[in-house]
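Down below is the structure, laid out as structure tokens.
The values are calculated or read from the model by the stated rules, or taken from the named source; none is laboratory data. These numbers were taken from a predicted model, which means no experiment stands behind them. Positions of Cβ are backbone-derived with ideal geometry, glycine not excepted, and every protein chain shown enters the neighbour counts.
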Amino acid sequence: MPEAVSGKILRREPRSLTHDNRQRHGRQVAAVPRTTDGDGTPVPQRLLAAATRLFAEQGYDRTSVQEIVEAAGVTKGALYHYFGSKDDLLHEVYARVLRVQQERLDAFADADEPIEKRLRGAAADVVVTTIENLDDASIFFRSMHHLSPEKNKQVRAERRRYHERFRALIEEGQEAGVFSRATPADLVVDYHFGSVHHLSTWYRPDGPLSPQQVADHLADLLLRALRP
């Protein structure tokens, strides 16, 4: 089985806003020439780290843009250069995790391996990457209702694409006779991701199970449920 990567997901630097997006805040925001601080940390990562910590400590609705930029040690101009709003920051907290999970799922799905091995690898991987980024996922699901309708729709579409690709693996195995058809693929997907989404309610880093051990148990449960 391909091993899931442990450790925090690599944070990607978001694209800077366009001229028009910057002007929607009622003022022209100058381009930010400095993209890193003294130790080389990219400014977008500093903003995301500060936002994530403050959202976790105070809640999204009780955290101001001013508090975020002060905690990151940058100006509001820098924030608006990389993100359009606090809403965009909340979206990116979750989207950066989902982007990597989607890429990894695509890699498992496209691998030249038996379908059972590909599905087990994908099922374990989403557990590990979720646990390693549990704060991000918890903050987002707790605050998702604060997103604008447009952003909310975007997130749902991104999650739907992920679930559909995962379901396609199950259906491939069912059509090949490797997996049982007794349970519809949609229910199997809901079963597994219900377990993934509840990790934040019980998993503790100092608990008896490592992320990979939890992933192995849940992936094995999924495969057992699909055996003919």
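The helices (runs of 4 or more DSSP H) found wholly in the stretch 1-80 include none carrying at least 2 residues that are within 27 Å of Val214 (Cβ to Cβ) and modelled with pLDDT under 50. Residues that are assigned to a helix (DSSP H, G or I) and hydroxyl-bearing (Ser, Thr, Tyr) within the stretch 184-228 comprise Tyr191, Ser195, Ser200, Thr201, listed in sequence order. Set side by side, the residues Asp110, Asp125, Asp136 differ, and just one is in contact with a helix residue (DSSP H, G or I) (Cβ under 9 Å, 6 or more places away or on another chain), surrounded by fewer than 20 Cβ atoms within 10 Å (Cβ to Cβ) and on the phi < 0 side of the Ramachandran plot, which is Asp110.
In the stretch 210-228, the qualifying residues are those that are at pLDDT 95 or above and among the aliphatic types (A, V, I, L, M), and the one that is surrounded by the fewest Cβ atoms within 10 Å (Cβ to Cβ) is Leu221.
Can we say Glu116 is free of Cβ contacts under 8 Å to residues at least 40 places away in the same chain, in the same structural domain as Arg96 (by the TED database) and farther than 19 Å from Val100 by Cα? So Glu116 fails the test.
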